[in-house]
Amino acid sequence: MNTYISFLRGVNMTGHNSIKMTDLSLLYKRLGYTENKTYIQSGNVIFKSRGLLTEKETAQQIEAEILRKFRYSVPVMIRSVIELRGLFEKNPYLSEPGFDASKMAVVFLHDEVTDTQMEIMRNISYPPDKYQISGREIFIYCPNGFGRTKLYTNFFEDKMKVTGTARNWKTVTTILGLAEEF
């Protein structure tokens, strides 16, 4: 059994796309992911899988079941524990002088970024905020905080025509710890 983490975009406890985490856990169980646990109310699920489906097929299966059960079209981004652990090696901002984890986020993308999408972003910058695209993730560091930055999920989705969901670095770190103990 392998441990995976799914990050659901736009799921919360109240308002738009409201899904209780207990209901989300039951949905995963119905799909055969009987060992699962949710983390905070924003659609983070750690689960075990026998690996019979690819990550993409698993995401499609979960998306289809959420649509069937809740009538919401919710993109699901799945990463393995190994992939999540690899973010610590790929993160270009951890060694920044005075690095502040509260000013760091990762946008988990549904699909790998294409060369065309990378080219669109080549000359876009909004200092002091920074970003780096790496595979299916975008690392964002905003030394003055996220209050006024342009660099967040909607910005990248609009510019690059991608689908993603962001988690702050503290959440990523906590989820990895929970997944490794799971």
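The values are calculated or read from the model by the stated rules, or taken from the named source; none is laboratory data. Bear in mind that the values here come from a model prediction, so they are computed numbers and not experimental data. Glycine also receives a Cβ, built like all others from the backbone with ideal geometry; neighbour counts cover every protein chain displayed.
Residue count for the stretch 94-115 satisfying the condition of being touching a residue at least 40 places away in the same chain (Cβ under 8 Å) and among the charged types (D, E, K, R): 4.
If I filter the stretch 9-30 down to residues being among the polar types (S, T, N, Q) and over 20 Å from Val81 (Cα atoms), which single residue comes out as modelled with the highest pLDDT? Only one residue tops the list, namely Thr22.
Evaluation of Thr58 against the conditions (1) of a type in the set (S, T, N, Q); (2) surrounded by 17 or more Cβ atoms within 10 Å (Cβ to Cβ); (3) within 14 Å of the chain's Cα centre (by Cα) shows that the sole unmet condition is (3).
The residues in the stretch 31-76 that are under 10 Å from Ser6 (Cα atoms), at pLDDT 95 or above and small (Gly, Ala, Ser) can be counted, and the count is 1. Restricting attention to the stretch 132-150 and to residues that are more than 18 Å from Thr171 (Cα to Cα) and within 18 Å of the chain's Cα centre (by Cα), the residue that is surrounded by the most Cβ atoms within 10 Å (Cβ to Cβ) turns out to be Ile133.
For the stretch 116-123, the criterion of being exposed (fewer than 13 other Cβ atoms within 10 Å of the Cβ), β-branched (Val, Ile, Thr) and without any contact (Cβ under 8 Å) to a residue 24 or more places away in the chain is met by at least one residue.
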